[in-house]
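The values are calculated or read from the model by the stated rules, or taken from the named source; none is laboratory data. In this text the structure is predicted, and so the values were computed from the model without any measurement. Cβ sites come from the backbone with ideal geometry, for glycine too, and all protein chains shown count toward neighbours.
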Amino acid sequence: MRHKGDMKRILPLIWLLVSSGFGQTVNVPVNHWVYDFLERLEAQRIVPILLSGAKPLTRSEIAGHLAPLYDSDSLALKLSAVQRQQLDYLAVEFQEELALQRRQPETSLYKLTRHKWIDPWLPDAIYRNGRNFLSIDSPPFQLYIDPVLARQRMWTTADSLADMEKVFENAQGLEVRGAVGRLGFYVHVADHQEWGTRRYPGIVNYTRERLGFVRGNGKGLDHDETHAYLLYQHKYFTVSFGKDVNRWGPGRFGQLALSDYPTSYDQLRYSIAGRRIRFTGLAAVLQHFTSAFFFEGHEEKYLAGHRLEFAPLRWLNVGLHETIIYGGRKFEAAYLNPVMFYRSAEHYLGDRDNATMGMDLEMTPVRGCAFYGELFLDDISTSKLGTGFYGNKYAFTLGGRRVNALGIADLDLRAEYTRIRPFTYEHWGATGYWHYATLLGHWLGPNSTGWLMEAVYRVSQPMYVKADLRLIRHGANTAEKNFGGDPFLVREPGRDPEYVHLLDGLLHTSDQLTLFASYEFLRHYFIQCEWRYANYDNQLTEQTSSRGISRRFTLRLQVNY
């Protein structure tokens, strides 16, 4: 009887998950170009404020922003010819969520697989919907399977290199996504290999920036990357559990609070969204990397965060966020409270943790122009502002974008400036602001500035070209003193200066020009090439420096990557 009673309570939940609606409820990866497409339309005031400061968004949320463009002829007329091509592309990409009238997909991939020379021997299930390698669309069940493949070759010459440096990278794997009713699932797994003329460690476990677990083999390295989660969405509420990344903030070249620069991590994330307000909560487990991590020194730590976005005006979006990192104990209930100020909770728990806060703004005051800014506060003493006090740890980003610049359709110009004070992100013990060996925030790191300028021209839906210029300045530590240039090195009172100004220490400069082109010759099949010229001047001591020029060319072929 008890078993029957338990089943009676469980069955309604199963029914809710499976039959409360039909639609793919997984996230759109944070690097998908649809975000830039919509933000461009936002700058043109063709669509309203997106509330997209906390990425990723779900496929149904993206479809909700796209749907009015298909329903209104007057909006469609405001688009350029290339934007209309992109809109047609997205109609197939999000056809289930958009619920547009089904028609035989006329994509180039579908036409290729149905060619008279290929169709007789290729199974009909392959690219049946013109988009996915294999698909099952039988309500309430959906399943889409695609290959993941990348081949990258890089050649570098530099004044500091005796010979040309060659680095080769391969990746292969699988992407699986789908849904049972409104319960979505997503798996993206890829195994990577790198080899070449670089010096690689022997058979040993280690980590590297942007990566998690890495194994050396003497001739190269191997690592794998997996994103895998379950997601449930009902009306304005979304919750997901699994391994994924986050991107908080409007920055194009990096985010100060949470970026997708580090490898993915296990997390529970939820959001509540309305037309002009959105709240996001996060609880995650991070890997606290030290030199003893792979030698009986493995430590884990916890990240909690919440973010509120609201649009008081049609052209203004405001974001407020807090994060907290702590370790060496159980998960704290106080940091699960969505309406608790983390700073107050930290004081209640004994001031043992690493709390940060910040805010950002996005504005489109003039049609075709977007401006944004972000302020990140790690620690601050207001009475000592402007004195160089090491405890004033903060950073900010300011940026702007011009759509259809110089009167040229589909040409965008952007400029962005980031300034990060010394010792920002640095914290003692298992509370450092990093996951494995990569900062959770901006890749520039502390005691740095960066001017980043970009010009992008989309020739057509499949092809775009880009040029970006980066002027980077960094104050590095000396052998004797810590000037706050290394987030993994804690300041030692008495030895390291109490007052330090931006770019103090050994000045490292890097000016980089990058030219990039991407062509999608078949749906989800890309060929890309990149050329980079860098002029660097790194001060080694107060009397000596290392100067030089490097040139790098990269060729990449990737499938659904």
If I filter the stretch 312-322 for residues that are crowded, with 21+ Cβ neighbours inside 10 Å, without any contact (Cβ under 8 Å) to a residue 40 or more places away in the chain and part of a strand (DSSP E or B), do I get at least one hit?
yes
Test of understanding: among Tyr206, Tyr232, which residue is hydroxyl-bearing (Ser, Thr, Tyr) and over 22 Å from the mean Cα position of the chain (by Cα)?
Tyr206
What's the number of the condition Asp351 fails, among (1) of a type outside the set (S, T, N, Q); (2) modelled with pLDDT of 95 or more; (3) surrounded by fewer than 23 Cβ atoms within 10 Å (Cβ to Cβ); (4) within 23 Å of Glu426 (Cα to Cα)?
(2)
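Each row is one residue, and each column tells you yes or no for (1) of a type outside the set (Phe, Trp, Tyr); (2) in contact with a strand residue (DSSP E or B) (Cβ under 9 Å, 6 or more places away or on another chain); (3) farther than 30 Å from Phe37 by Cα.
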site	(1), (2), (3)
His306	yes, yes, no
Val318	yes, yes, no
Met359	yes, yes, no
Gly386	yes, no, yes
Phe396	no, yes, no
Of the criteria (1) out of contact with any Lys or Arg (no Cβ under 6 Å at 6 or more places or on another chain); (2) closer than 19 Å to Tyr35 by Cβ, which one Ala54 fails
(1)
Let me confirm something: among Pro147, Pro139, which residue is over 24 Å from the mean Cα position of the chain (by Cα) and not hydroxyl-bearing (Ser, Thr, Tyr)?
Pro139
Since Ile472 meets every condition but one in (1) more than 28 Å from Arg84 (Cα to Cα); (2) among the β-branched types (Val, Ile, Thr); (3) touching a Pro at 6+ places or on another chain (Cβ under 6 Å), which condition does it not meet?
(3)
Please enumerate the residues belonging to the stretch 392-401 that are part of a strand (DSSP E or B) and buried (at least 17 other Cβ atoms within 10 Å of the Cβ).
Lys393, Tyr394, Ala395, Phe396, Thr397, Gly399, Arg401
Suppose the filter is more than 29 Å from Thr25 (Cβ to Cβ), buried (at least 19 other Cβ atoms within 10 Å of the Cβ) and at pLDDT 95 or above; does Leu256 pass it?
yes
Looking only at the stretch 274-311, count how many residues are crowded, with 18+ Cβ neighbours inside 10 Å, among the charged types (D, E, K, R) and not in a strand (DSSP E or B).
0
Residues that are in a strand (DSSP E or B), farther than 21 Å from Thr263 by Cβ and in contact (Cβ under 8 Å) with a residue 60 or more places away in the chain: does the stretch 186-195 have at least one?
no
Looking at (1) in contact (Cβ under 8 Å) with a residue 60 or more places away in the chain; (2) assigned to a strand (DSSP E or B); (3) acidic (Asp, Glu), which is the one condition that is false for Glu209?
(2)
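Would you call Asp222 within 22 Å of Leu439 (Cα to Cα) and modelled with pLDDT of 95 or more?
Yes; evaluated as a whole, the condition is true for this residue.
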Is it the case that some residue within the stretch 114-128 is aromatic (Phe, Trp, Tyr) and exposed (fewer than 14 other Cβ atoms within 10 Å of the Cβ)?
yes
If I filter the stretch 435-462 down to residues being touching a Leu at 6+ places or on another chain (Cβ under 6 Å) and part of a strand (DSSP E or B), which single residue comes out as farthest from Gln255 (Cα to Cα)?
Tyr457
So which of Leu411, Leu336 is in contact with a strand residue (DSSP E or B) (Cβ under 7 Å, 6 or more places away or on another chain), surrounded by fewer than 17 Cβ atoms within 10 Å (Cβ to Cβ) and at pLDDT 95 or above?
Leu411
Identify all residues within the stretch 345-372 that are touching a helix residue (DSSP H, G or I) at 6+ places or on another chain (Cβ under 9 Å) and over 30 Å from Ile49 (Cα atoms); write none if there are none.
Ala345, Glu346, Tyr348, Leu349, Arg352, Asp353, Asn354
If we ask which residues in the stretch 359-387 are at positive phi and surrounded by 12 or more Cβ atoms within 10 Å (Cβ to Cβ), their number turns out to be 1
Taking the stretch 54-92, which residues are assigned to a loop (DSSP other than H, G, I, E, B), over 22 Å from Tyr186 (Cα atoms) and either free of Cβ contacts under 8 Å to residues at least 24 places away in the same chain or in contact with a strand residue (DSSP E or B) (Cβ under 8 Å, 6 or more places away or on another chain) (or both)?
Ser72, Leu77
